[in-house]
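*Asks:* Pasting a structure below so you can have a look.
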Amino acid sequence: MTETPRRDPVQPADPAAIQQARDLYRAARHAALAYTDPDSATPGISRIAFGLGPDGKAVTLISSLAPHFPALKAQAACAVMVGEPGAKGDPLTHPRLMLRAVARFLPHDDPDRPALRAHWLRDHPKSALYVDFVDFAFVTLDVTQALLNGGFGRAHLVPPETL
């Protein structure tokens with residue numbers, strides 16, 4: 001008996017998938033961050049504040065007290081998921097976007113920090129309470145791959161540059 005080759009469920013993104021991915025990416029104000037714990041080499045997940053910088057790149061603001069701070073310092077490869085389930089229905093049928101990324105910490109004295117800070121505070125005004133604390137750092141997430149799950153039977157690889 002000959003087996004039928006299995007069709008890859010993840011397809012290249014069409015224009016509708018790219019638009020849906022952009023919408024999720026641009027609207028997200030928080031995300032789930034997956035990282036590797038440097039002590040145990042096991043995965044960890046944290047909820048993070050999420051947004052886009054003036055250049056459209058993904059960014060977060062992280063305290064050095066958070067476990068994902070030293071984890072990203074030790075291993076910059078990470079993944080982020082944005083998109084929330086709707087009020088009704090099966091949560092797995094709602095769209096979400098997984099981003100594989102490399103974290104890059106922005107030094108406090110970086111000349112781009114003031115513009116990033118101002119941009120961040122427009123979308124995250126409550127961050128004004130702690131954005132300037134010495135233990136907080138902006139971290140850009142350089143996206144290397146994007147996978148859109150647009151709902152049942154709708155999985156697409158989205159070129160990162162189209163976000």
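The values are calculated or read from the model by the stated rules, or taken from the named source; none is laboratory data. Given the structure is predicted, the values throughout are model-derived calculations rather than measurements. In this analysis, Cβ positions are derived from the backbone assuming ideal geometry, glycine residues included, and neighbour counts consider all displayed protein chains.
*Asks:* Could you run through the range 57-71 and say how many residues are under 18 Å from Leu148 (Cα atoms) and surrounded by fewer than 18 Cβ atoms within 10 Å (Cβ to Cβ)?
*Replies:* So the count comes out to 1.
*Asks:* Does the range 30-47 contain any residue that is over 20 Å from His156 (Cβ atoms), touching an Asp or Glu at 6+ places or on another chain (Cβ under 6 Å), in a strand (DSSP E or B) and touching a residue at least 24 places away in the same chain (Cβ under 8 Å)?
*Replies:* Taking every residue of the range 30-47 in turn, at least one turns out to be over 20 Å from His156 (Cβ atoms), touching an Asp or Glu at 6+ places or on another chain (Cβ under 6 Å), in a strand (DSSP E or B) and touching a residue at least 24 places away in the same chain (Cβ under 8 Å).
*Asks:* Need the failing condition index for Ser127 against (1) modelled with pLDDT of 95 or more; (2) surrounded by 16 or more Cβ atoms within 10 Å (Cβ to Cβ); (3) part of a strand (DSSP E or B), just the number.
*Replies:* Evaluating Ser127 over (1) modelled with pLDDT of 95 or more; (2) surrounded by 16 or more Cβ atoms within 10 Å (Cβ to Cβ); (3) part of a strand (DSSP E or B) leaves (3) as the failure.
*Asks:* Restricting to the range 128-163, name every residue that is over 17 Å from Leu24 (Cα atoms) and either without any contact (Cβ under 8 Å) to a residue 24 or more places away in the chain or out of contact with any Lys or Arg (no Cβ under 9 Å at 6 or more places or on another chain) (or both).
*Replies:* Ala128, Leu129, Tyr130, Asp132, Phe133, Val134, Asp135, Phe136, Ala137, Gly153
*Asks:* Evaluate the following for Ala74: is it under 22 Å from Asn149 (Cβ atoms) and more than 17 Å from the chain's Cα centre (by Cα)?
*Replies:* no
*Asks:* Among the residues in the range 73-89, are any modelled with pLDDT under 95, assigned to a helix (DSSP H, G or I), under 23 Å from Val158 (Cβ atoms) and not charged (D, E, K, R)?
*Replies:* no
*Asks:* Moving to a separate point now. Mind checking which residues of the range 85-127 are of a type in the set (Phe, Trp, Tyr) and in contact (Cβ under 8 Å) with a residue 60 or more places away in the chain?
*Replies:* Passing the criteria: only Trp120.
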